[in-house]
Amino acid sequence: MLRSHPTQRLHAHPTRRFRWVAAVTVALLGVLGLPGLASAQAPEPVLGVPGLYGEFGEGWGTAHPERIFNGGSPSGLASGVAWQAWGSPSALGTGQIALYRPEGGYYDAPGAIELRASALGSCANAPAQPAYTRLMARIPQRPGGKLGDWFPWTLDLCDPEARATACRSVTFIKNSGSGAFEATAWDTGCATARKVAKASRRVPIRFGGKDLHKYRFRAFGFACNGYSFDSDELPSISWTCTRNTKVVTFTRG
């Protein structure tokens, strides 16, 4: 029986031996932190772009910010924000915010706020920097109350001047003022916006009893919140409807 020479055994599988040497080299480079075959770590995502709300804004263009501020009224400041799953396609944050009283001013105690950063991509002015481009929020009506429906903190975290698409009106009754007007669509199309607006027909406009009336309905996966005032000469309901980052607005007359 023929026996293989020790040299033959050593070089019997050169490809396998090269892979083993390469793997050890990469592992050592990674441990030592040396440049070379070890791949560089991708940059951490940030929230939108710096300066989104001017020089007094806070948190924009930074990673998992603890404070988010529009630079204006207290209701535009979310503080003590703790984030979960930052870097994933959708990150969830919880913090505190000042809440308006129905009669004016703010409650003495802050209320809870829940934030959802999503649409992970990049902004045109910083294409190499990963960034969340959408931010939704929800708050209670009063401290300690139940969280309401989601609403956009701002439409586009890359562009503070971004505007929703204007859509055609929906007529309920011909030759009358009954319909949905001034419809807009964001992150969705006008066909969907008009379908949602048409569904508001089943919600009657209320009169009397109090100056401000609030409304709710759901259609095609959208949660819609509206309000009207008795003081208006021609009462109408102003609606905002959201579904994930999709936003539809319109006025129902």
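The values are calculated or read from the model by the stated rules, or taken from the named source; none is laboratory data. A quick note: this is a predicted structure, and the numbers were derived from the prediction, not measured. Cβ coordinates were reconstructed from backbone atoms using ideal geometry, including for glycine residues, and neighbour counts include every protein chain displayed. Ligands, DNA and RNA are stripped out before the accessible areas are found, and what is left, the full protein with its side chains, is counted by its heavy atoms. Shrake-Rupley method; radii C 1.70, N 1.55, O 1.52, S 1.80 Å.
Sticking with the crude label model, points 7 Å out along Cα→Cβ, report the distance from Asp159 to Ser176 in nm, one decimal please.
My value for the distance between the label points is 3.9 nm.
Counting only protein heavy atoms and using a 1.4 Å probe, what share of the accessible area of the stretch 93-236 belongs to carbon plus sulfur, as a whole percent? Mind dumping the intermediate values first?
Working: 4360 of 8250 Å².
Percent of accessible area from carbon and sulfur atoms in the stretch 93-236: 53.
Amide H of Gly71 versus every other amide H placed in the peptide plane: which residues, excluding those fewer than 5 positions away on the same chain, fall under 5 Å?
Glu58
What is the local net charge at Gly148, summed over the other residues whose Cβ is closer than 13 Å to its Cβ (Lys, Arg +1; Asp, Glu -1)?
Working: positive: Arg138, Arg142, Lys146, Lys214, Arg216; negative: Glu114, Asp149.
The answer is +3.
Among all the aspartates and glutamates, which ones have a C-alpha under 14 Å from Lys214's C-alpha, if same-chain residues fewer than 8 places away are not counted?
Counting by Cα, and skipping residues close in sequence, Lys214 has these aspartates and glutamates nearby: Asp149, Asp230.
Under 5 Å between amide H atoms, partner at least 5 residues away or on a different chain: which partners does Val49 have, H built in plane at 1.01 Å?
Result for Val49 returns Gly61.
Starting from the coordinates of the alpha-carbon atoms of the stretch 35-134, obtain the Kirkwood hydrodynamic radius over all distinct pairs and give the value in Å to one decimal. Show your work: numbers first, answer last.
On the way: mean 1/r = 0.0676 Å⁻¹.
It is 14.8 Å.
Please compute the Kirkwood hydrodynamic radius over the stretch 147-253, one decimal place, Å, based on all pairs of different Cα atoms. Mind showing how you got there, number by number?
Working: mean 1/r = 0.0698 Å⁻¹.
Roughly 14.3 Å, rounded to one decimal.
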